[in-house]
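Since the structure comes first, as structure tokens, the remarks are kept for the end.
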Amino acid sequence: VTNNFWNAFTEIPKILKLYGYWRSSASWRVRWALELKKRDYEYVPINLLKGENTSERFLTLNPQGRLPALEIDGTFYLTQSMAIVEWIEETYRGFGDRLLPDNPLEKAHVRSLCEIINADTTPLQLPRVQKAHSADTEERKKWAQLFIRQGLQDFEKVSEKSRGKFSSGDAISMADVFLIPQLYNANRYEISVAKEFPALDRIYQEALKTEACQLSSPEAQSDAQP
Ligand SMILES: N[C@@H](CCC(=O)N[C@@H](CS)C(=O)NCC(=O)O)C(=O)O
């Protein structure tokens, strides 16, 4: 790959296609970022329960076999939600809401909060990890609960001084885009976010009032199941 390769992608992209799954929290992050920037995009559901992410066709788009993947003008595929969300922020800087603050220190703090979710929480509670841990469904649930609780406790402590209406002050940021889908997952795993993490739940309730959060939420997707 030469510099020329990357230089072919300097134009603002015209067509965005997002491969995702309604309940994939990493997919929600990207849907939300696109909504915050008021971008039109085509949503292509990939059914994780049916293993469509490991189909030969999908593996040519994302050899990792994971969601989300963002197709850019039919030629380039970006993977990893954190990289995708940052690319969206940089590419559509003048559009919609800012996802990262200008101040370098605050920006680093927002990224730290993202990583608590992205690196230290979500991967540990994925079904593939639960399955490797145990064949017993109760054991799997306990495992997921353990790491979700640890991650949310860490997030709560690390965001203590920065929290306003949202995780870092009163403006929505990437930290919230990572936090809320994990809170949604926590509730699914029968951790009462309202009771155990009231400070984070306040951010959740605040986010739910916003259109971008609603439009990107799992239940609002075309592949949502009742
Ligand atoms: N770090 C990746 C994680 C992606 C990921 O693991 N996605 C899950 C759904 S939330 C997935 O595709 N799981 C399928 C599998 O584990 O096989 C990201 O943030 O994009």
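The values are calculated or read from the model by the stated rules, or taken from the named source; none is laboratory data. Since the model is a prediction, treat every value here as computed from it, not as a measurement. Reconstructed Cβ throughout: ideal geometry from the backbone, glycine too, with neighbour counts over all protein chains shown. Accessible surface is based on the protein model in full, side chains and every heavy atom, while ligands, DNA and RNA are left aside. Shrake-Rupley method; radii C 1.70, N 1.55, O 1.52, S 1.80 Å.
One table, with the values for the structure above:
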item	result
Accessible-area order (highest first, 1.4 angstrom probe) of the listed residues Arg57, Arg31, Arg140	Arg57, Arg140, Arg31
Environment charge at Tyr184 (Cβ cut-off 12 Å; Lys +1, Arg +1, Asp -1, Glu -1)	+1
Ordering of 67-76, 37-46 by burial proxy (mean other Cβ atoms within 10 Å per residue, highest first)	67-76, 37-46
Region 213-219 - phi-based ³J(HN,Hα) in whole Hz, Karplus 6.51/-1.76/1.60, Gly and Pro as x	5, 4, 5, 8, 5, x, 5
Cα Rg over Rh - the chain, Kirkwood	0.96
Reference-scaled alpha-carbon Rg (2.2 N^0.38 Å with N residues) for region 26-122	1.15
With eigenvalues of the C-alpha gyration tensor scaled by 5 and rooted, region 95-226, Å	26, 18, 14
Cα-centred dipole magnitude for the chain, charges only on beta-carbon of K, R (+1) and D, E (-1), debye, nearest 20	260
Sequence-distant residues sharing a close amide H with Phe166 (under 5 Å, placed H)	Ala171
Helix-only CD estimate at 222 nm, as mean residue ellipticity for the chain, using -39500 (n - 2.57) per DSSP H run (n ≥ 4)	-15000 deg cm²/dmol
Under Karplus coefficients 6.51, -1.76 and 1.60, residue-wise ³J(HN,Hα) of region 38-54 in Hz, glycine/proline x	6, 8, 7, 8, 8, 9, 10, x, 10, 7, 5, 5, 8, x, 5, 6, 10
Cα-Cα pairs of region 17-66 separated by more than 13 Å (percent)	58
Neighbour net charge for Pro68 - beta-carbon separation under 9 angstrom, K R +1, D E -1	+3
Under the span-like rule (Cα at least 18 Å along the axis, Kyte-Doolittle mean at least -1.0), DSSP H helices of the chain	104-118, 174-188
Whole-number D in µm² s⁻¹ for region 134-180, Kirkwood Cα-pair radius fed into Stokes-Einstein, 25 °C, 0.890 mPa s	203
Cross-link table Lys107/Lys165; Lys107/Lys157; Lys50/Lys131; Lys17/Lys209; Lys141/Lys165; Lys37/Lys157, entries beyond 21 Å C-alpha to C-alpha	Lys17/Lys209; Lys141/Lys165; Lys37/Lys157
